[in-house]
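Here the structure is laid out as structure tokens; the discussion comes afterwards.
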Amino acid sequence: MADVMKMKQAHKKLKEWSYTWKALEKGYTDKTLYINLSENEIREKSVPPEMKEKFIGGKGYGLRYLWDATKPDTKWDDPENEINIFSGPIAGITQYSGTGKSLCVSISPQTDIPIDSNVGGHFGPFVKFAGFDGIEIQGKAKNDNTVIFIDGVNHKVEIFEAPEEPLDSHLLADVFHEMYADDEKDRKNISVVSTGAAAENSFIGMLNFSFFDPKRKMVRLKQAGRGGIGTVFRNKNIKALIVKIPGVKGNLNNVVDLAPIMERGKRFNREMRELDDSQAEMRTKGTAHITNIMNDYDLLPVNNFKLGSHPDAYKIHSDIYKEKYFTQGVPDGCWIGCNMSCAKGVDNYLIRSGPYAGEKVLVEGPEYETTSSLGSIMGIFNPDFTIESNFYCDTYGICTISWGTIMGFLMECFEAGILNEERTGGLQLNFGNADAAMELLHLLAKGEGFGKIAGMGVRKLKQYFEEKGWGDAQFMQDIGMENKGLEYSQYVSKESLAQQGGYAMTNKGPQHDEAWLIFMDMVNNQIPTFEDKAEALHYFPMFRTWFGLQGLCKLPWNDVEPENNGEMDEPAKVPEHVDNYVVIYKAVTGKDFDKYEMIRQSERVYNFQRIFNIRRGYGLRKHDAQPFRAAGPVTIEEYESRADRYDKQMKEIIGVSPEGKTTEEKLAITREYREDQYEKLLDAVYFRRGWTNGGVPKVSHLKDLGMDLPELVEIVEPLQGE
């Protein structure tokens, strides 16, 4: 405690601002907190009625405020770029699982368009309870140790410099929880947003959102991983955001009718108790349970998505995490009242490398995306490597998904001769080389050597290697798993045309949170026609967008299902759970609402984000192009590893006999067919979404949605012939 108080004494207060707190009403405060770090300006804004009606909350508010704050040519590192963190009207209730999410929005250093990244932890709901629907941060502080403290107990906001605190998240979050807590019990009433050393040395920085785990009596972290928002955070010279509230009690959202929320919450909790062990095993394995399922279905990314399974995958089976690593029997929820218990952790893990070697730490997860991104995609099947690199990615502040996909690309480039030891500074980046992979991660955090280059991300790496004359541009484009500048998340999409669209048509870049259609498409053949796929690529991205408007986690929607779900007309939608959300929204807000308005709410924001991209010079058909590795085999090795499958498809689906043809010829035939299929999918999806064939929202569709705002029509009207 003495060291913590010494750190606090070194703080230099730059600004203090007091505000009048008012209770939430129907899930809203109707006020937002605006901070400009260039001027040390702090003020509140009233939420206009149109904002509330058309943008709802969460991601919608974040995008609207970002639009208003920036110009079409604003760069990610311009002071006028913002970091906006908003939850939604449902966020913060404690009677239903998965209601503690926040949405972070900014112009991305990776994509040059808005990124939205959803995150658990307590910060978003706590900001609501402190008096604001969210926080809008603009400008750039003069000192790189700047901290913002939202004091929801005394109703004031402070900006100060904190020169003594450590930067890396697992230390910094713990320090601030201790520093601002009145006593041990009060630590649970604080949440901290931070990043780490790697965020300022790369474009793939992420944000950690803290919560206090009362069972472990430790501070834990959840991540807003995608798009480099942590890089923006450090570029603005922010060290941390802190919020403190008096505490959480039953109905801080002041909902209209608590009884139906409680009834649906009890129903879902029963499903978790009785069905989880036979369905997803979320309470014992978290999302890591998916790892072995993906390998079984040839969907686990291995060696930069070349393969979908591997003989060594049994070494990273979820049973191993359950039996050897994950602490069992603790309520692992990242928000109060969540019964999903999926936020698994590895306690007292001994670190073997880097600056924290020899220390025992709590490691979050790993979740499925991390078991593959820090494992199979590099050809590494060692849980200890995955867990240790997961810890360092978290505390250094970088996205595990982006880092893994970058490493897969670098390793394939190394094995293809595009890279060599001279170019990598002596690192042998072969698939499976865990020591070299770990060393590169530490170099990234220090901003040294090849680590600094690796942190640029796949898109910039392709450009860099081409400029150096190191490799063939088309080959690198084919194997570089990025779209719009964002690295792919960890599912092999080659045999699911719908999932290819679910990745590459995503407004922000390829992230599975919009549409995960592999089983519907590839395994169950529920959406065989282009029209079927287009309908799925309309409904599911819109439905999942709604979670981002409300501050909800998607896992309670479909990772455990009612017993009779398979008997429903549309089981993939989990209609009983959709009805839960309809009931809850009505009970929170008192508004008339149904499952159709749910989709329309999302369509308004989804089309707004598409037009935001167009405003910035993107958002057209050409920007929805995918790397060919996402659609099919690029190399001879890749084709021949699944030759029986591809030859059979060539004969039965393409209608060409593979007999007597070389592998190169078969590769070319397969590629031509699959690329044509993807173009036809684009046509069908754009038509279903009410867009032109060039991917531009039609003015008539905007009118139908009530989104024909003059500033939007002005942008899309000249492009209606596209």
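A short reminder: the numbers here are calculations on the coordinates, not readings from a lab. Quick caveat: nothing in here was measured; it's all calculated off a predicted structure. We place every Cβ from the backbone using ideal geometry, glycine too, and count neighbours over all the protein chains shown.
Taking the Cα centre of the chain as reference, the dipole from Cβ charges on Lys and Arg (+1) and Asp and Glu (-1) amounts to some 1780 debye.
When both the range 461-524 and the range 80-95 are represented by their alpha-carbon centers, they are found 29 Å apart.
Taking the Cα centre of the range 384-504 as origin, sum charge times position over the Cβ atoms of Lys and Arg (+1) and Asp and Glu (-1), and report the length of that vector in debye to the nearest 20. Don't jump to the answer; show the numbers that get you there.
Values: 9 positive and 17 negative charges, 92 e Å.
Result for the range 384-504 is approximately 440 debye, rounded to the nearest 20.
When both bridge partners sit in the chain, DSSP labels roughly 85% of those beta bridges antiparallel.
How big is the equivalent ellipsoid of the range 497-719 along its three axes, where each semi-axis is √(5λ) from the Cα gyration tensor, reported in whole Å from largest to smallest?
Details: eigenvalues 244, 115, 35 Å².
Square roots of five times the eigenvalues give 35, 24, 13 Å.
Helix content alone sets the calculated 222 nm mean residue ellipticity of the chain: runs of n ≥ 4 DSSP H residues at -39500 (n - 2.57) each, divided across all residues, give -11500 deg cm²/dmol.
Placing unit charges on each Cβ (+1 for Lys and Arg, -1 for Asp and Glu) gives the chain a dipole about its Cα centre, and among PRO72, PRO697, VAL634 the Cα reaching farthest toward its positive end belongs to PRO72. Going by Cα centres, the range 613-664 and the range 1-51 are how many Å apart? Value for the Cα centre distance between the two parts: 51 Å.
For the range 152-162, backbone phi angles converted through the Karplus equation (6.51, -1.76, 1.60; θ = phi - 60°) give residue-by-residue couplings of x, 8, 9, 6, 8, 10, 10, 10, 8, 9, 10 Hz, Gly and Pro being listed as x.
Backbone geometry of the range 360-370 corresponds, through the Karplus equation with coefficients 6.51, -1.76 and 1.60 at θ = phi - 60°, to 3J(HN,Hα) couplings of 9, 9, 8, 10, 6, x, x, 7, 4, 4, 7 Hz, x marking Gly and Pro. Treating each Cα of the chain as one equal point scatterer and applying the Debye formula with no solvent, the log10 of I(q)/I(0) at q = 0.07, 0.08 Å⁻¹ comes out as -0.44, -0.58. When the range 497-719 is described by a simple charge dipole with +1 on each Lys and Arg Cβ and -1 on each Asp and Glu Cβ, the residue from PRO710, LEU667, LEU537 located farthest towards its positive end is PRO710. In whole Å, how far is the Cα centre of the range 146-211 from that of the range 390-430? What the calculation gives is 30 Å, centre to centre. If you bin all the Cα-Cα distances of the range 124-277 at 10 Å, starting from zero, the percentages per bin are 10, 34, 32, 17, 6, 0.
Charges were assigned to the Cβ only: +1 to each Lys and Arg, -1 to each Asp and Glu. The resulting dipole of the range 510-614 about its Cα centre is roughly 600 debye. Using C-alpha pairs under 8 Å with a sequence gap of at least 6, the mean separation divided by the residue count of the range 497-719 gives a relative contact order of 23 percent. Once you've got the Cα coordinates, tell me which of LYS266/LYS508; LYS185/LYS315; LYS26/LYS573; LYS52/LYS533 are over 29 Å apart. From the list (LYS266/LYS508; LYS185/LYS315; LYS26/LYS573; LYS52/LYS533), the Cα-Cα distance tops 29 Å for LYS266/LYS508; LYS185/LYS315; LYS52/LYS533.
Sequence-distant contacts, meaning Cα pairs under 8 Å at least 6 residues apart, place the relative contact order of the range 97-225 at 23 percent. Taking amide H positions as modeled 1.01 Å from N, with prolines and chain starts lacking one, the residues under 5 Å from GLN223 and 5 or more places away or on another chain are GLY120, PHE209. The phi torsions of the range 662-673, fed into the Karplus equation with coefficients 6.51, -1.76 and 1.60 and a -60° offset, translate into couplings of 6, 4, 4, 5, 5, 4, 5, 5, 4, 5, 4, 5 Hz, rounded to whole numbers, with Gly and Pro shown as x. Entry note, the chain: relative contact order of 14 percent, from Cα contacts under 8 Å with a spacing of 6+ residues. Annotation: amide H of GLY365 within the under-5 Å range of LYS344, GLY345, VAL346, sequence separation 5 or more or interchain, hydrogens built in the peptide plane.
Cross-link partners among lysines for LYS13, C-alpha distance below 18 Å, same-chain residues fewer than 8 apart left out? In chain and number order, the partners are LYS140, LYS142, LYS156, LYS236, LYS239, LYS244. In loop segments of the range 87-180 as defined by DSSP, the trypsin sites (Lys or Arg not before Pro) with at most 13 further C-beta atoms inside 10 Å of their C-beta are LYS142. Taking amide H as placed 1.01 Å from N in the peptide plane, GLY134 has its amide H under 5 Å from the amide H of LEU33, each at least 5 places away in sequence or on another chain.
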